[in-house]
Amino acid sequence: MPVRLDHVFICTAAGAPAAERLRQFGLTEGSPNRHPGQGTACRRFFFRNFMLELIWVADAAEARSEQTRPTKLWERWSTAALGASPFGIILGPEPGSQYTCPFAWWDYRPKTMPDLELQIAAGTGLEEPMWCYMERGRVPAEAPADRRQPLEHPAGVRDITGVGLVCPPFRERSVTRAMADKKVIGLEFGAEHLLELQFDGGQESTDFRPDLPLVLRWQSRALQSAPI
């Protein structure tokens, strides 16, 4: 499919204390962000072709407002411990490809964030991730100079090369199953929600549970620098 992974978010506790685990692993944190009128805030980690976002509800009234309510961000965040998927997966177009959203969608263009234009998958339940598409996908390495974020990490990771999702079984016809069938993500069923991110084709793994439902697969710096 002419789509690529733009970024993902993980719902976390307020303030995202789990970000410290990522920093200890060797990831360089970028600038935080707050989403005015949406009621959410986040801490962010940028890579050359991808962004990882740890998100939480900072203003419950805004998150439950008429503007934000259709996104179900409040329900996703507040019931993550009760079985809701804590993930959001945001796709964008492959560079040079014709714009195309790969699922049925509805427009999300909040008045409080006029620069944000998202197409959110229609009909997804809380048991699967929130799926979105950005017509104007972002490539962090190509950001304007005044908006650049740190892309170099002591852990040596650079490019996202694979995404896997583990989750409890859900209905046969779903956006998540369709995206797995089209090889956008890998999908397995298990007892709990888990996100696996592969960088640089690596197979070494670091498990951030219980702080985050996240496993990173990466290539050690020693292997990266080894002669061929």
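The values are calculated or read from the model by the stated rules, or taken from the named source; none is laboratory data. As the structure is a prediction and not an experimental result, all values here were calculated from the model. Every residue, glycine among them, receives a Cβ derived from its backbone with ideal geometry; neighbour counts consider all protein chains shown. In case anyone asks, the SASA skips ligands and DNA or RNA and just uses the protein heavy atoms, side chains included. Shrake-Rupley method; radii C 1.70, N 1.55, O 1.52, S 1.80 Å.
Points to keep in mind about this one:
- Residues that are open to solvent by 40 Å² or more (accessible area, probe 1.4 Å) and hydrophobic (A, V, I, L, M, F, W, C) within the range 86-107 comprise 104, 105, 106, listed in sequence order.
- Residue 61 in a helix (DSSP H, G or I), modelled with pLDDT under 95 and not hydroxyl-bearing (Ser, Thr, Tyr): no
- Counted residues, the range 72-85 - those being open to solvent by 10 Å² or more (accessible area, probe 1.4 Å), in contact (Cβ under 8 Å) with a residue 24 or more places away in the chain and assigned to a helix (DSSP H, G or I): 5
- Of all residues in the range 108-124 being at pLDDT 90 or above and small (Gly, Ala, Ser), the one that is most open to solvent (accessible area, probe 1.4 Å): 122
- Screening the range 1-40 for residues that are without any contact (Cβ under 8 Å) to a residue 60 or more places away in the chain and among the polar types (S, T, N, Q) and picking the one that is least open to solvent (accessible area, probe 1.4 Å) gives 40.
- On inspection, residue 52 fails the criterion of being part of a loop (DSSP other than H, G, I, E, B), under 27 Å from residue 183 (Cβ atoms), at pLDDT 95 or above and open to solvent by less than 20 Å² (accessible area, probe 1.4 Å).
- Among residues of the range 97-138, those that are touching a residue at least 24 places away in the same chain (Cβ under 8 Å) and part of a strand (DSSP E or B), counted: 10
- Flag for residue 192 being within 20 Å of residue 55 (Cα to Cα), surrounded by fewer than 16 Cβ atoms within 10 Å (Cβ to Cβ), over 14 Å from the mean Cα position of the chain (by Cα) and modelled with pLDDT under 95: yes
- Residue 43 being open to solvent by 20 Å² or more (accessible area, probe 1.4 Å), basic (Lys, Arg), closer than 27 Å to residue 184 by Cβ and part of a strand (DSSP E or B): yes
- Subset of the range 118-177 [closer than 22 Å to residue 214 by Cα and basic (Lys, Arg)]: 158, 177
- If the condition is being among the charged types (D, E, K, R) and modelled with pLDDT of 95 or more, then the range 201-216 contributes 207, 209, 211.
- Among the residues of the range 199-216, the ones that are open to solvent by 40 Å² or more (accessible area, probe 1.4 Å) and part of a strand (DSSP E or B) come to 3 in all.
- Residue in the range 159-175 that is open to solvent by 20 Å² or more (accessible area, probe 1.4 Å), in a strand (DSSP E or B), under 24 Å from residue 82 (Cβ atoms) and not hydrophobic (A, V, I, L, M, F, W, C) present: no
- Among residues of the range 217-228 being in a helix (DSSP H, G or I) and surrounded by 13 or more Cβ atoms within 10 Å (Cβ to Cβ), the one that is modelled with the highest pLDDT is 221.
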